[in-house]
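**Q** Dropping the structure in here first, questions after.
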Number of protein chains: 2
Amino acid sequence: MSKIHHRSLYLEVADRVRELIEQGDLAPGERISEKQLCERFGVSRTPLREALKVLASEGLIELLPNRGARVVRLTLKMVKDTYDLMGALEGLAGELACQNISDEEIKVIRALHDEMLRHYRDRNLPDYFQVNQRIHEGILSASANEVLQETYSNLNQRVKRVRYSKKMTDDFWRKAVQDHEHMILALEARDGRRLGQILRDHLCNKLEVASLAGVIEDETTLDVATS
Amino acid sequence: MSKIHHRSLYLEVADRVRELIEQGDLAPGERISEKQLCERFGVSRTPLREALKVLASEGLIELLPNRGARVVRLTLKMVKDTYDLMGALEGLAGELACQNISDEEIKVIRALHDEMLRHYRDRNLPDYFQVNQRIHEGILSASANEVLQETYSNLNQRVKRVRYSKKMTDDFWRKAVQDHEHMILALEARDGRRLGQILRDHLCNKLEVASLAGVIEDETTLDVATS
DNA sequence: GAAAGGTATTATGAATTCAAAATACAACCA
DNA sequence: TGGTTGTATTTTGAATTCATAATACCTTTC
(Lines give C-alpha, C1' and ligand atoms only; values in the text may rest on other atoms or scores of the structure.)
Protein backbone atom coordinates (compact mmCIF):
# COMPACT_ATOMS: atom_id res chain seq x y z
CA MET A 1 0.00 0.00 0.00
CA SER A 2 1.70 3.14 -1.16
CA LYS A 3 1.43 6.39 0.69
CA ILE A 4 -0.59 9.16 -0.77
CA HIS A 5 1.86 11.96 -1.09
CA HIS A 6 0.86 15.16 -2.74
CA ARG A 7 3.91 16.35 -4.61
CA SER A 8 4.38 20.04 -4.25
CA LEU A 9 3.46 22.17 -7.18
CA TYR A 10 6.91 23.64 -7.55
CA LEU A 11 8.43 20.19 -8.01
CA GLU A 12 5.93 19.40 -10.71
CA VAL A 13 6.67 22.68 -12.42
CA ALA A 14 10.41 22.15 -12.15
CA ASP A 15 10.05 18.76 -13.83
CA ARG A 16 8.03 20.24 -16.65
CA VAL A 17 10.50 23.04 -17.27
CA ARG A 18 13.37 20.55 -17.18
CA GLU A 19 11.60 18.59 -19.91
CA LEU A 20 11.10 21.72 -21.98
CA ILE A 21 14.80 22.51 -21.74
CA GLU A 22 15.86 18.94 -22.46
CA GLN A 23 13.61 18.73 -25.50
CA GLY A 24 14.85 22.06 -26.73
CA ASP A 25 11.42 23.68 -26.52
CA LEU A 26 13.20 26.30 -24.51
CA ALA A 27 16.24 27.19 -26.56
CA PRO A 28 19.65 27.92 -25.00
CA GLY A 29 19.95 31.58 -24.18
CA GLU A 30 16.24 32.04 -24.55
CA ARG A 31 14.57 34.37 -22.15
CA ILE A 32 12.02 32.68 -19.94
CA SER A 33 8.93 34.76 -19.36
CA GLU A 34 7.29 34.04 -16.03
CA LYS A 35 3.85 35.10 -17.17
CA GLN A 36 4.06 32.94 -20.26
CA LEU A 37 5.03 29.82 -18.31
CA CYS A 38 2.42 30.52 -15.65
CA GLU A 39 -0.27 30.54 -18.28
CA ARG A 40 1.18 27.47 -19.95
CA PHE A 41 1.11 25.44 -16.75
CA GLY A 42 -1.91 27.09 -15.21
CA VAL A 43 -0.19 28.00 -11.96
CA SER A 44 0.53 31.22 -10.19
CA ARG A 45 3.90 32.87 -10.15
CA THR A 46 4.84 31.73 -6.65
CA PRO A 47 5.42 28.03 -7.34
CA LEU A 48 6.90 28.84 -10.73
CA ARG A 49 9.47 31.15 -9.24
CA GLU A 50 10.34 28.57 -6.61
CA ALA A 51 10.88 26.06 -9.39
CA LEU A 52 13.13 28.50 -11.24
CA LYS A 53 15.28 28.93 -8.14
CA VAL A 54 15.78 25.18 -7.97
CA LEU A 55 16.61 24.90 -11.66
CA ALA A 56 19.10 27.72 -11.29
CA SER A 57 20.90 25.97 -8.48
CA GLU A 58 20.96 22.86 -10.67
CA GLY A 59 22.76 24.87 -13.32
CA LEU A 60 20.10 24.57 -16.00
CA ILE A 61 19.04 28.19 -16.07
CA GLU A 62 20.51 31.44 -14.85
CA LEU A 63 18.67 34.16 -13.01
CA LEU A 64 19.60 37.73 -13.81
CA PRO A 65 18.36 40.05 -11.05
CA ASN A 66 15.39 42.08 -12.19
CA ARG A 67 15.84 40.71 -15.67
CA GLY A 68 14.37 37.27 -15.38
CA ALA A 69 15.63 33.83 -16.23
CA ARG A 70 17.28 32.34 -19.27
CA VAL A 71 18.33 28.88 -20.31
CA VAL A 72 22.06 28.37 -19.82
CA ARG A 73 24.01 28.34 -23.03
CA LEU A 74 26.51 25.52 -23.10
CA THR A 75 29.96 26.56 -24.17
CA LEU A 76 32.43 24.02 -25.47
CA LYS A 77 34.54 24.46 -22.36
CA MET A 78 31.64 23.90 -20.01
CA VAL A 79 30.79 20.64 -21.74
CA LYS A 80 34.41 19.53 -21.77
CA ASP A 81 34.72 20.28 -18.08
CA THR A 82 31.51 18.46 -17.31
CA TYR A 83 32.65 15.42 -19.27
CA ASP A 84 35.94 15.35 -17.38
CA LEU A 85 33.96 15.35 -14.19
CA MET A 86 31.54 12.69 -15.28
CA GLY A 87 34.49 10.60 -16.34
CA ALA A 88 35.98 10.80 -12.88
CA LEU A 89 32.62 9.95 -11.36
CA GLU A 90 32.03 6.98 -13.64
CA GLY A 91 35.52 5.82 -12.83
CA LEU A 92 34.78 5.93 -9.13
CA ALA A 93 31.45 4.21 -9.73
CA GLY A 94 33.24 1.42 -11.56
CA GLU A 95 35.71 0.89 -8.75
CA LEU A 96 33.04 0.87 -6.09
CA ALA A 97 30.77 -1.32 -8.17
CA CYS A 98 33.45 -3.99 -8.40
CA GLN A 99 33.68 -4.00 -4.63
CA ASN A 100 29.95 -4.23 -3.99
CA ILE A 101 28.23 -5.83 -6.92
CA SER A 102 26.53 -9.22 -6.56
CA ASP A 103 26.73 -12.04 -9.08
CA GLU A 104 23.05 -11.46 -9.72
CA GLU A 105 23.57 -7.83 -10.63
CA ILE A 106 26.44 -8.71 -12.92
CA LYS A 107 24.18 -11.10 -14.78
CA VAL A 108 21.62 -8.35 -15.27
CA ILE A 109 24.22 -6.03 -16.72
CA ARG A 110 25.59 -8.81 -18.92
CA ALA A 111 22.06 -9.33 -20.28
CA LEU A 112 21.77 -5.62 -21.01
CA HIS A 113 25.14 -5.71 -22.69
CA ASP A 114 24.10 -8.54 -24.99
CA GLU A 115 20.87 -6.76 -25.79
CA MET A 116 22.83 -3.64 -26.65
CA LEU A 117 25.02 -5.65 -29.01
CA ARG A 118 21.92 -6.85 -30.83
CA HIS A 119 20.74 -3.27 -31.28
CA TYR A 120 24.17 -2.39 -32.56
CA ARG A 121 24.08 -5.18 -35.13
CA ASP A 122 20.60 -4.03 -36.18
CA ARG A 123 21.82 -0.45 -36.40
CA ASN A 124 18.97 0.50 -34.10
CA LEU A 125 20.35 3.71 -32.64
CA PRO A 126 17.46 4.76 -30.36
CA ASP A 127 17.25 1.40 -28.61
CA TYR A 128 21.02 1.20 -28.48
CA PHE A 129 21.14 4.50 -26.63
CA GLN A 130 18.42 3.46 -24.26
CA VAL A 131 20.06 0.18 -23.27
CA ASN A 132 23.46 1.85 -23.18
CA GLN A 133 22.14 4.33 -20.67
CA ARG A 134 20.66 1.54 -18.56
CA ILE A 135 24.06 -0.18 -18.42
CA HIS A 136 25.72 2.94 -17.13
CA GLU A 137 22.90 3.45 -14.65
CA GLY A 138 23.39 -0.13 -13.54
CA ILE A 139 27.02 0.48 -12.72
CA LEU A 140 26.24 3.73 -10.96
CA SER A 141 23.58 1.94 -8.98
CA ALA A 142 25.90 -0.94 -8.11
CA SER A 143 28.34 1.55 -6.65
CA ALA A 144 25.88 1.84 -3.76
CA ASN A 145 26.85 5.47 -3.35
CA GLU A 146 23.75 7.63 -3.45
CA VAL A 147 25.58 10.93 -3.29
CA LEU A 148 27.58 9.87 -6.32
CA GLN A 149 24.45 8.88 -8.20
CA GLU A 150 22.72 12.11 -7.40
CA THR A 151 25.71 14.22 -8.40
CA TYR A 152 26.20 12.33 -11.62
CA SER A 153 22.56 12.61 -12.48
CA ASN A 154 22.66 16.36 -12.06
CA LEU A 155 25.69 16.77 -14.29
CA ASN A 156 24.15 14.45 -16.85
CA GLN A 157 21.00 16.51 -16.88
CA ARG A 158 22.96 19.62 -17.77
CA VAL A 159 24.58 18.18 -20.86
CA LYS A 160 21.82 15.82 -21.94
CA ARG A 161 20.84 17.98 -24.89
CA VAL A 162 24.29 17.62 -26.35
CA ARG A 163 25.07 14.13 -25.26
CA TYR A 164 22.27 12.29 -26.92
CA SER A 165 22.40 14.26 -30.10
CA LYS A 166 21.27 12.49 -33.19
CA LYS A 167 24.62 12.37 -34.95
CA MET A 168 26.76 9.29 -34.53
CA THR A 169 29.57 8.40 -36.86
CA ASP A 170 29.90 4.74 -37.70
CA ASP A 171 33.51 4.74 -36.65
CA PHE A 172 32.76 6.15 -33.22
CA TRP A 173 29.93 3.76 -32.69
CA ARG A 174 32.19 0.78 -33.32
CA LYS A 175 34.69 2.14 -30.85
CA ALA A 176 32.07 2.70 -28.17
CA VAL A 177 30.83 -0.87 -28.50
CA GLN A 178 34.40 -2.09 -28.22
CA ASP A 179 34.78 -0.11 -24.98
CA HIS A 180 31.70 -1.80 -23.64
CA GLU A 181 33.17 -5.17 -24.53
CA HIS A 182 36.16 -4.40 -22.31
CA MET A 183 33.92 -2.98 -19.61
CA ILE A 184 31.82 -6.06 -19.14
CA LEU A 185 34.94 -8.20 -18.97
CA ALA A 186 36.51 -6.01 -16.31
CA LEU A 187 33.27 -6.01 -14.37
CA GLU A 188 32.94 -9.78 -14.47
CA ALA A 189 36.53 -10.04 -13.32
CA ARG A 190 35.73 -7.47 -10.64
CA ASP A 191 38.80 -5.51 -11.71
CA GLY A 192 37.83 -2.12 -10.30
CA ARG A 193 40.93 -0.27 -11.36
CA ARG A 194 40.62 -1.37 -14.95
CA LEU A 195 36.87 -0.79 -15.14
CA GLY A 196 37.41 2.66 -13.74
CA GLN A 197 40.01 3.48 -16.35
CA ILE A 198 37.82 2.24 -19.20
CA LEU A 199 34.79 4.18 -18.04
CA ARG A 200 36.85 7.32 -17.77
CA ASP A 201 38.15 7.06 -21.31
CA HIS A 202 34.79 5.95 -22.61
CA LEU A 203 33.12 9.17 -21.61
CA CYS A 204 36.00 11.28 -22.82
CA ASN A 205 35.54 9.80 -26.25
CA LYS A 206 31.97 10.92 -26.31
CA LEU A 207 33.08 14.49 -26.31
CA GLU A 208 34.51 14.04 -29.75
CA VAL A 209 31.09 13.17 -31.08
CA ALA A 210 29.50 16.04 -29.32
CA SER A 211 31.90 18.60 -30.69
CA LEU A 212 31.75 17.03 -34.12
CA ALA A 213 28.00 17.18 -34.09
CA GLY A 214 28.35 20.94 -33.98
CA VAL A 215 25.62 21.26 -31.42
CA ILE A 216 27.85 23.22 -29.12
CA GLU A 217 28.96 26.71 -29.85
CA ASP A 218 32.55 27.69 -29.39
CA GLU A 219 33.44 29.41 -26.15
CA THR A 220 34.16 32.56 -28.11
CA THR A 221 30.57 32.68 -29.29
CA LEU A 222 29.14 33.73 -25.98
CA ASP A 223 29.76 33.84 -22.32
CA VAL A 224 26.60 35.43 -21.06
CA ALA A 225 27.25 34.50 -17.48
CA THR A 226 30.52 36.42 -17.17
CA SER A 227 28.97 39.88 -17.20
CA MET B 1 34.43 50.83 -11.54
CA SER B 2 32.37 47.99 -10.18
CA LYS B 3 28.78 47.51 -11.10
CA ILE B 4 26.14 48.10 -8.54
CA HIS B 5 24.32 44.86 -8.34
CA HIS B 6 21.52 44.39 -5.90
CA ARG B 7 21.74 40.81 -4.72
CA SER B 8 18.36 39.24 -4.44
CA LEU B 9 16.95 38.81 -0.99
CA TYR B 10 16.59 35.06 -1.28
CA LEU B 11 20.32 34.69 -1.97
CA GLU B 12 21.14 36.71 1.09
CA VAL B 13 18.78 34.62 3.17
CA ALA B 14 20.20 31.39 1.77
CA ASP B 15 23.70 32.49 2.76
CA ARG B 16 22.58 33.32 6.26
CA VAL B 17 20.81 30.01 6.74
CA ARG B 18 23.85 28.18 5.37
CA GLU B 19 25.94 29.91 8.03
CA LEU B 20 23.49 28.94 10.74
CA ILE B 21 23.68 25.32 9.67
CA GLU B 22 27.46 25.37 9.36
CA GLN B 23 27.89 26.92 12.78
CA GLY B 24 25.47 24.44 14.27
CA ASP B 25 23.00 27.11 15.34
CA LEU B 26 20.51 24.99 13.48
CA ALA B 27 21.08 21.48 14.75
CA PRO B 28 20.89 18.40 12.52
CA GLY B 29 17.36 17.08 12.41
CA GLU B 30 16.05 20.31 13.85
CA ARG B 31 12.79 21.57 12.53
CA ILE B 32 13.08 24.93 10.79
CA SER B 33 10.18 27.22 11.53
CA GLU B 34 9.48 29.63 8.71
CA LYS B 35 7.93 32.23 10.93
CA GLN B 36 10.83 32.13 13.33
CA LEU B 37 13.42 32.64 10.62
CA CYS B 38 11.34 35.34 8.96
CA GLU B 39 11.33 37.31 12.18
CA ARG B 40 15.01 36.65 12.72
CA PHE B 41 15.98 38.01 9.32
CA GLY B 42 13.21 40.55 9.02
CA VAL B 43 11.93 39.31 5.69
CA SER B 44 8.64 37.93 4.52
CA ARG B 45 8.01 34.27 3.89
CA THR B 46 8.33 34.48 0.12
CA PRO B 47 12.11 35.04 -0.16
CA LEU B 48 12.70 32.72 2.78
CA ARG B 49 10.83 29.89 1.14
CA GLU B 50 12.72 30.46 -2.11
CA ALA B 51 15.95 30.22 -0.16
CA LEU B 52 14.81 26.98 1.47
CA LYS B 53 14.13 25.48 -1.96
CA VAL B 54 17.67 26.27 -3.00
CA LEU B 55 19.17 24.86 0.18
CA ALA B 56 17.13 21.71 -0.27
CA SER B 57 18.45 21.18 -3.77
CA GLU B 58 21.93 21.72 -2.35
CA GLY B 59 21.28 18.86 0.05
CA LEU B 60 21.60 20.88 3.24
CA ILE B 61 18.00 20.64 4.33
CA GLU B 62 15.05 18.47 3.43
CA LEU B 63 11.54 19.64 2.75
CA LEU B 64 8.72 17.46 3.98
CA PRO B 65 5.49 18.39 2.19
CA ASN B 66 3.13 20.24 4.51
CA ARG B 67 5.49 19.58 7.35
CA GLY B 68 8.17 22.15 6.78
CA ALA B 69 11.93 21.92 6.56
CA ARG B 70 14.57 20.29 8.67
CA VAL B 71 18.34 20.25 8.65
CA VAL B 72 19.66 17.07 7.07
CA ARG B 73 21.08 14.62 9.53
CA LEU B 74 24.37 13.23 8.35
CA THR B 75 24.65 9.49 8.61
CA LEU B 76 28.01 7.79 8.66
CA LYS B 77 27.32 6.31 5.24
CA MET B 78 26.41 9.66 3.71
CA VAL B 79 29.65 11.17 4.92
CA LYS B 80 31.67 8.19 3.74
CA ASP B 81 30.05 8.39 0.32
CA THR B 82 30.67 12.10 0.13
CA TYR B 83 34.31 11.66 1.06
CA ASP B 84 34.75 9.03 -1.64
CA LEU B 85 33.32 11.49 -4.11
CA MET B 86 35.42 14.37 -2.94
CA GLY B 87 38.45 12.14 -3.15
CA ALA B 88 37.72 11.39 -6.78
CA LEU B 89 37.17 15.08 -7.47
CA GLU B 90 40.37 16.15 -5.75
CA GLY B 91 42.17 13.48 -7.68
CA LEU B 92 40.85 14.85 -10.94
CA ALA B 93 41.70 18.36 -9.81
CA GLY B 94 45.26 17.30 -9.13
CA GLU B 95 45.65 15.74 -12.56
CA LEU B 96 44.21 18.75 -14.34
CA ALA B 97 46.19 21.15 -12.20
CA CYS B 98 49.44 19.51 -13.23
CA GLN B 99 48.47 20.06 -16.84
CA ASN B 100 47.48 23.68 -16.47
CA ILE B 101 49.31 25.24 -13.56
CA SER B 102 51.86 28.00 -14.12
CA ASP B 103 55.20 28.26 -12.38
CA GLU B 104 53.87 31.34 -10.66
CA GLU B 105 50.89 29.46 -9.21
CA ILE B 106 53.12 26.65 -8.03
CA LYS B 107 55.22 29.17 -6.13
CA VAL B 108 52.12 30.54 -4.42
CA ILE B 109 51.10 27.07 -3.31
CA ARG B 110 54.63 26.31 -2.16
CA ALA B 111 54.53 29.45 -0.04
CA LEU B 112 51.25 28.37 1.48
CA HIS B 113 52.70 24.94 2.12
CA ASP B 114 55.65 26.40 4.01
CA GLU B 115 53.35 28.63 5.99
CA MET B 116 51.26 25.62 6.89
CA LEU B 117 54.35 23.80 8.12
CA ARG B 118 55.12 26.70 10.43
CA HIS B 119 51.61 26.52 11.89
CA TYR B 120 52.09 22.79 12.34
CA ARG B 121 55.32 23.32 14.22
CA ASP B 122 53.61 25.95 16.38
CA ARG B 123 50.72 23.56 16.99
CA ASN B 124 48.41 26.33 15.79
CA LEU B 125 45.43 24.28 14.67
CA PRO B 126 43.05 27.05 13.53
CA ASP B 127 45.61 28.71 11.26
CA TYR B 128 46.79 25.31 10.08
CA PHE B 129 43.26 24.46 8.98
CA GLN B 130 42.83 27.78 7.28
CA VAL B 131 46.02 27.57 5.23
CA ASN B 132 45.42 23.90 4.56
CA GLN B 133 42.07 24.77 3.04
CA ARG B 134 43.66 27.48 0.90
CA ILE B 135 46.12 24.96 -0.52
CA HIS B 136 43.34 22.63 -1.54
CA GLU B 137 41.43 25.55 -2.99
CA GLY B 138 44.55 26.51 -4.91
CA ILE B 139 44.77 23.11 -6.54
CA LEU B 140 41.06 23.11 -7.32
CA SER B 141 41.44 26.53 -8.82
CA ALA B 142 44.49 25.52 -10.86
CA SER B 143 42.46 22.73 -12.40
CA ALA B 144 40.73 25.48 -14.39
CA ASN B 145 37.52 23.47 -14.30
CA GLU B 146 34.73 25.59 -12.93
CA VAL B 147 32.15 22.84 -12.92
CA LEU B 148 34.50 20.75 -10.84
CA GLN B 149 35.08 23.59 -8.40
CA GLU B 150 31.40 24.28 -8.05
CA THR B 151 30.55 20.62 -7.51
CA TYR B 152 33.32 20.15 -4.98
CA SER B 153 32.32 23.25 -3.14
CA ASN B 154 28.76 22.01 -2.80
CA LEU B 155 29.82 18.63 -1.45
CA ASN B 156 32.24 20.31 0.91
CA GLN B 157 29.50 22.53 2.22
CA ARG B 158 27.41 19.51 3.14
CA VAL B 159 30.04 17.88 5.32
CA LYS B 160 31.76 21.00 6.62
CA ARG B 161 30.32 20.62 10.08
CA VAL B 162 31.97 17.25 10.43
CA ARG B 163 35.11 17.89 8.51
CA TYR B 164 36.49 20.75 10.46
CA SER B 165 35.59 19.36 13.80
CA LYS B 166 37.74 20.40 16.68
CA LYS B 167 39.25 17.02 17.38
CA MET B 168 42.56 16.15 15.81
CA THR B 169 44.78 13.40 17.04
CA ASP B 170 48.47 14.14 17.02
CA ASP B 171 49.17 11.02 15.05
CA PHE B 172 46.71 11.92 12.33
CA TRP B 173 48.02 15.42 12.11
CA ARG B 174 51.56 14.22 11.49
CA LYS B 175 50.31 11.92 8.76
CA ALA B 176 48.36 14.70 7.08
CA VAL B 177 51.38 16.95 7.00
CA GLN B 178 53.41 14.12 5.53
CA ASP B 179 50.78 13.75 2.77
CA HIS B 180 51.15 17.42 2.01
CA GLU B 181 54.89 17.00 1.77
CA HIS B 182 54.39 14.43 -0.97
CA MET B 183 51.73 16.54 -2.62
CA ILE B 184 53.87 19.60 -3.09
CA LEU B 185 56.66 17.46 -4.55
CA ALA B 186 54.32 15.81 -7.04
CA LEU B 187 52.90 19.18 -7.97
CA GLU B 188 56.30 20.73 -8.55
CA ALA B 189 57.20 17.71 -10.67
CA ARG B 190 53.87 18.13 -12.46
CA ASP B 191 53.20 14.44 -11.87
CA GLY B 192 49.44 14.48 -12.26
CA ARG B 193 48.86 10.81 -11.72
CA ARG B 194 50.78 10.76 -8.49
CA LEU B 195 49.29 13.97 -7.18
CA GLY B 196 45.85 12.61 -7.95
CA GLN B 197 46.54 9.43 -6.02
CA ILE B 198 47.86 11.29 -3.00
CA LEU B 199 44.93 13.67 -2.89
CA ARG B 200 42.52 10.80 -3.05
CA ASP B 201 44.10 8.97 -0.14
CA HIS B 202 44.56 12.19 1.77
CA LEU B 203 40.87 12.86 1.92
CA CYS B 204 40.02 9.27 2.71
CA ASN B 205 42.21 9.51 5.78
CA LYS B 206 40.23 12.42 7.03
CA LEU B 207 37.24 10.22 7.40
CA GLU B 208 38.96 8.39 10.20
CA VAL B 209 39.18 11.57 12.20
CA ALA B 210 35.61 12.43 11.50
CA SER B 211 34.29 9.10 12.67
CA LEU B 212 36.62 9.09 15.64
CA ALA B 213 35.45 12.50 16.63
CA GLY B 214 32.03 10.96 17.18
CA VAL B 215 30.27 13.86 15.57
CA ILE B 216 28.45 11.60 13.20
CA GLU B 217 25.77 9.24 14.23
CA ASP B 218 25.72 5.72 13.01
CA GLU B 219 23.51 4.97 10.04
CA THR B 220 21.32 2.87 12.25
CA THR B 221 20.48 5.87 14.36
CA LEU B 222 18.17 7.44 11.85
CA ASP B 223 17.25 7.62 8.24
CA VAL B 224 14.52 10.19 8.27
CA ALA B 225 14.54 10.71 4.54
CA THR B 226 13.68 7.12 3.67
CA SER B 227 10.05 7.31 4.75
C1' DG C 1 -7.81 6.84 33.89
C1' DA C 2 -7.02 5.90 29.05
C1' DA C 3 -8.34 6.09 24.42
C1' DA C 4 -11.02 7.94 20.64
C1' DG C 5 -13.08 11.63 18.36
C1' DG C 6 -13.86 16.36 17.41
C1' DT C 7 -12.69 21.25 17.53
C1' DA C 8 -9.35 25.09 17.70
C1' DT C 9 -5.02 26.63 16.57
C1' DT C 10 -1.00 26.84 14.00
C1' DA C 11 1.94 26.18 9.97
C1' DT C 12 2.48 25.47 5.30
C1' DG C 13 1.01 25.84 0.16
C1' DA C 14 -0.33 28.86 -3.26
C1' DA C 15 -2.64 33.05 -5.19
C1' DT C 16 -2.99 37.79 -5.11
C1' DT C 17 -1.47 42.36 -4.39
C1' DC C 18 1.73 46.04 -4.04
C1' DA C 19 6.31 48.18 -5.07
C1' DA C 20 10.25 48.88 -7.75
C1' DA C 21 13.16 48.09 -11.61
C1' DA C 22 13.67 47.58 -16.53
C1' DT C 23 12.01 48.21 -21.06
C1' DA C 24 9.49 50.43 -24.82
C1' DC C 25 8.04 54.32 -26.80
C1' DA C 26 7.10 59.05 -27.73
C1' DA C 27 8.20 63.83 -27.53
C1' DC C 28 11.57 67.21 -27.63
C1' DC C 29 15.82 69.42 -28.93
C1' DA C 30 20.22 70.03 -31.32
C1' DT D 1 17.79 63.13 -38.80
C1' DG D 2 19.86 61.45 -34.70
C1' DG D 3 20.15 61.49 -30.04
C1' DT D 4 18.45 62.42 -25.47
C1' DT D 5 15.09 62.87 -21.95
C1' DG D 6 10.82 61.84 -19.88
C1' DT D 7 6.64 59.06 -19.54
C1' DA D 8 3.91 54.73 -19.98
C1' DT D 9 4.00 49.93 -19.92
C1' DT D 10 5.66 45.65 -18.73
C1' DT D 11 8.12 42.55 -15.78
C1' DT D 12 10.22 41.16 -11.81
C1' DG D 13 10.86 41.31 -6.44
C1' DA D 14 8.67 40.88 -2.23
C1' DA D 15 4.73 41.25 1.08
C1' DT D 16 0.26 40.05 2.07
C1' DT D 17 -3.74 37.32 1.96
C1' DC D 18 -6.41 33.21 1.51
C1' DA D 19 -6.97 28.12 1.65
C1' DT D 20 -5.75 23.80 3.28
C1' DA D 21 -3.24 20.39 5.75
C1' DA D 22 -1.19 19.19 10.17
C1' DT D 23 -0.88 19.62 15.05
C1' DA D 24 -2.46 20.45 19.73
C1' DC D 25 -5.81 20.32 22.94
C1' DC D 26 -10.08 19.41 24.94
C1' DT D 27 -14.16 16.75 25.51
C1' DT D 28 -16.54 12.59 25.71
C1' DT D 29 -17.08 7.81 26.45
C1' DC D 30 -15.87 3.32 27.98
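**Q** Return the residues of segment A:53-68 that are within 14 Å of DNA strand C (Cβ to nearest atom), in contact (Cβ under 8 Å) with a residue 12 or more places away in the chain and either outside any strand (DSSP E or B) or outside the structural domain of residue A:19 (by TED's automatic domain parsing) (or both); say none if nothing qualifies.
**A** A:54
**Q** Would a scan of segment B:137-146 turn up a residue that is in a helix (DSSP H, G or I), over 16 Å from the mean Cα position of the chain (by Cα) and closer than 20 Å to residue B:185 by Cα?
**A** yes
**Q** So which of A:191, A:103 ends up being open to solvent by 30 Å² or more (accessible area, probe 1.4 Å) and free of Cβ contacts under 8 Å to residues at least 24 places away in the same chain?
**A** Within the list A:191, A:103, the selection yields A:103.
**Q** Would you check which residues across segment A:41-52 are within 13 Å of DNA strand C (Cβ to nearest atom) and of a type outside the set (Phe, Trp, Tyr) and list them?
**A** A:42, A:43, A:44, A:45, A:46, A:47, A:48, A:49, A:50, A:51
**Q** Could you list, in sequence order, all residues of segment A:90-114 that are aliphatic (A, V, I, L, M) and within 10 Å of chain B (Cβ to nearest Cβ)?
**A** Hits for segment A:90-114 are A:92, A:93, A:96.
**Q** Can you confirm whether segment A:71-89 contains a residue that is farther than 30 Å from residue A:27 by Cβ, free of Cβ contacts under 8 Å to residues at least 60 places away in the same chain and either part of a helix (DSSP H, G or I) or at the interface with another protein chain (Cβ under 10 Å from one of its Cβ atoms) (or both)?
**A** Taking every residue of segment A:71-89 in turn, none turns out to be farther than 30 Å from residue A:27 by Cβ, free of Cβ contacts under 8 Å to residues at least 60 places away in the same chain and either part of a helix (DSSP H, G or I) or at the interface with another protein chain (Cβ under 10 Å from one of its Cβ atoms) (or both).
**Q** Against the condition within 13 Å of DNA strand D (Cβ to nearest atom) and under 29 Å from residue A:155 (Cα atoms), how does residue B:17 come out, does it pass?
**A** no
For (1) in the same structural domain as residue A:62 (by TED's automatic domain parsing); (2) open to solvent by less than 10 Å² (accessible area, probe 1.4 Å); (3) under 28 Å from residue A:17 (Cα atoms), each residue gets a yes or a no:
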residue	(1), (2), (3)
A:92	no, no, no
A:115	no, no, no
A:129	no, no, yes
A:134	no, no, yes
A:139	no, yes, no
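**Q** Of the residues that make up segment B:122-131, is at least one touching a residue at least 60 places away in the same chain (Cβ under 8 Å) and either within 14 Å of chain A (Cβ to nearest Cβ) or not hydrophobic (A, V, I, L, M, F, W, C) (or both)?
**A** No, segment B:122-131 has no match at all.
**Q** Based on what the data block shows, is residue A:179 assigned to a helix (DSSP H, G or I), among the acidic types (Asp, Glu) and in contact with a helix residue (DSSP H, G or I) (Cβ under 9 Å, 6 or more places away or on another chain)?
**A** It is true that residue A:179 is assigned to a helix (DSSP H, G or I), among the acidic types (Asp, Glu) and in contact with a helix residue (DSSP H, G or I) (Cβ under 9 Å, 6 or more places away or on another chain).
**Q** Looking only at segment A:16-34, which residues are on the phi < 0 side of the Ramachandran plot and assigned to a loop (DSSP other than H, G, I, E, B)?
**A** A:25, A:26, A:27, A:28, A:30, A:33 - these are the residues of segment A:16-34 that are on the phi < 0 side of the Ramachandran plot and assigned to a loop (DSSP other than H, G, I, E, B).
**Q** Among the residues that make up segment A:45-60, is at least one of them among the polar types (S, T, N, Q) and surrounded by fewer than 17 Cβ atoms within 10 Å (Cβ to Cβ)?
**A** yes
**Q** Determine whether segment A:35-58 contains at least one residue that is at positive phi and in contact with a helix residue (DSSP H, G or I) (Cβ under 8 Å, 6 or more places away or on another chain).
**A** No: segment A:35-58 contains no residue that is at positive phi and in contact with a helix residue (DSSP H, G or I) (Cβ under 8 Å, 6 or more places away or on another chain).
**Q** Buried (at least 18 other Cβ atoms within 10 Å of the Cβ) and at pLDDT 95 or above: is that true of residue A:207 in this structure?
**A** In short, no.
**Q** Select from segment B:38-49 the residues that are free of Cβ contacts under 8 Å to residues at least 12 places away in the same chain and away from chain A (no Cβ under 14 Å) and write down the one among them that is farthest from DNA strand D (Cβ to nearest atom).
**A** B:40
**Q** If you don't mind, there's one more thing I want to ask. Does residue B:35 count as within 16 Å of DNA strand C (Cβ to nearest atom), at the interface with another protein chain (Cβ under 9 Å from one of its Cβ atoms), within 21 Å of residue A:50 (Cα to Cα) and not polar (S, T, N, Q)?
**A** No, not satisfied.
The values are calculated or read from the model by the stated rules, or taken from the named source; none is laboratory data. Quantities reported herein were computed from a predicted structural model and do not represent experimental measurements. Don't worry about glycine lacking a Cβ; one is built from the backbone with ideal geometry, like all the others, and counts go over all protein chains shown. Heads up: the accessible areas ignore ligands, DNA and RNA and are worked out on the full protein's heavy atoms, side chains in. Shrake-Rupley method; radii C 1.70, N 1.55, O 1.52, S 1.80 Å.
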